[in-house]
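FYI, it's all coordinate maths here, none of it is from the lab. Keep in mind it's a predicted model, so treat the numbers as computed, not measured. Cβ: placed from backbone, ideal geometry, glycine included. Neighbour counts: every protein chain shown.
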Amino acid sequence: MRDFLDWSISLHGKVDEVNERLLLAIHTDQEELYRMSKYTIEAGGKRFRPLLTILAYEISCEEPYSNILDLAAGYELIHTASLIHDDIIDNAATRRGRPTLNNVDGVANAIVVGDYLFAKAYELGSRYGTVVSKIMADASSRLAEGQTLEAFSLGNLDLGEETYLEIISNKTARFFEACAMGATVAAGAGTAISNALSNFAYNLGMAFQVTDDILDIVGDSRKLGKPTFTDIRHSAITLPLIHTLRKTDTKGRQELKRKLMEGESEEVDMNLKNLMVETGAIDYSFSVAKRYSQLALESLKDSGKSPDLNLLMELAMIVIERIEELS
Ligand code: GRG
């Protein structure tokens, strides 16, 4: 089984170039601002969004991918800014295997770094014209909408699957979609290939986020580089919990509510994990992730053949295979 690391080996050169652009983009003579921005950028991450942007561009035109590196870096900066703000909201201590910026430099400074990266991202996006800038801006608005819907759904045990899907669509899938759409517009691609790649990226994002939510329960925190059970600790309602509640009678629901209120303990986590396995909630959530991965693959079926298309197709498989790799 190929994992994400194997998959990205052939793309290391591109990742290095994205990293160079990121460091260039965040440069400022304000030394502390540069240090803190660099700290978050150098923490790494999978660089999924810039790679998606570059591959979509290469599939859409014959121009060199160096043309799209600024846009790819811009999307990664928005993503990183949103992670910084997310860590503040969650009071998270670690991210990407390192202490979070709010942990190291405090909440006030972390807010400003998030805002700074956000501003720099728009400067990069504006180099591709107004249509691409609007795609970028709309994706950022969706991030905020998804985050707010999630915040106002915290602890709501009656939350339905539809609302959960709306949250992850806005928080993750629309952003993936924007990476592909922005790249195809910048490439001057036709509607058919632009729609195919955008649909692919959207469904990939859905599969990726459902998988992430499963990994929050069954994942190994060392392999993930971040703690597990964070969703439950923050009262976030994800698909495994929604399905568990669906499969539980009134008495069981009350028992579950009591467990969720018991607070942090490894024993409570293990009990909940076992319950989610027994009710079939993990299997069900996995089947939903698989369905989105399948939809992603189907989106590309009429797009011809090329090494970059093959890489995207492999990615649609790898995102769901992360469950085996990281648990
Ligand atoms: C518009 C800047 C801005 C913020 C809006 C805080 C917030 C409000 C939105 C949060 C959005 C958020 C945290 C979405 C989660 C997306 C996600 C799947 C994160 C994990 O992505 P990976 O696994 O991370 O690609 P790496 O570290 O590999 O880059």
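Annotations
- Stretched out straight at 0.36 nm per residue, the stretch from Ser10 to Lys46 would grow longer than its current Cα-Cα span by 11.6 nm.
- Segment Met313..Asp86, full-extension length gain: 78.7 nm, with 0.36 nm per residue of separation and the alpha-carbon distance subtracted.
- Dividing the helix sum by the residues of the chain, where each DSSP H run of 4 or more adds -39500 (n - 2.57), gives a mean residue ellipticity at 222 nm of -24000 deg cm²/dmol.
- In this structure, the amide hydrogen of Thr94, modeled 1.01 Å from its nitrogen in the peptide plane, lies closer than 5 angstrom to those of Thr100, counting only residues at least 5 positions away or on a different chain.
- Theoretical FRET efficiency, 1/(1+(r/R0)^6), r = Cβ-Cβ of Ser265 and Lys134, R0 51 Å, to 0.05: 0.60
- Those residues of region 223-267 whose amide nitrogen sits under 12 Å from the label point placed on Leu154, 7 Å along Cα→Cβ: 231-237
- The charge dipole of the chain, taken about its Cα centre with unit charges on the Cβ of Lys, Arg, Asp and Glu (plus for the first two, minus for the last two), comes to roughly 260 debye.
- 19 Å cut-off, amide nitrogen to a point 7 angstrom out along Arg246 Cα→Cβ, residues in region 197-228: 206-218
- Val104-Lys290 pseudo-label distance in nm [points 7 Å out on the Cα-to-Cβ vector]: 4.1
- Anisotropy class of region 4-326 from Cα gyration tensor, a/c 1.5 cut: oblate
- Using R0 = 22 Å, the C-beta based FRET efficiency linking Arg35 and Ala93 works out to 0.65.
- Sparsely packed loop sites in region 1-77 (the trypsin sites (Lys or Arg not before Pro) outside DSSP H, G, I, E and B with at most 14 other Cβ atoms within 10 Å) comprise Arg2, Lys46.
- Normalised contact order of region 1-150, rounded percent, pairs of Cα under 8 Å and 6 or more residues apart: 22
- Of Asp249, Asp213, Asp90, the one that fluctuates the most in a GNM where the chain has Cα springs shorter than 10 Å: Asp249
- Mean sequence separation of contacting Cα pairs (under 8 Å, at least six apart), scaled by the length of the chain, corresponds to a relative contact order of 20 percent.
- Share of pairwise Cα-Cα distances greater than 19 Å in region 68-191 is 53 percent (whole percent).
- Near Gln147: Cβ cut-off under 13 Å, other residues only, Lys/Arg at +1 and Asp/Glu at -1. The net charge is -3.
- Projecting the Cα atoms of Phe4, Ile242, Ala207 onto the dipole axis of the chain, where Lys and Arg carry +1 and Asp and Glu carry -1 at the beta carbon, places Ile242 farthest toward the positive end.
- Kyte-Doolittle mean at least 0.5, axial Cα span of 15 Å or more - DSSP H helices of the chain: 48-60, 69-90, 107-126, 174-187, 191-218, 307-326
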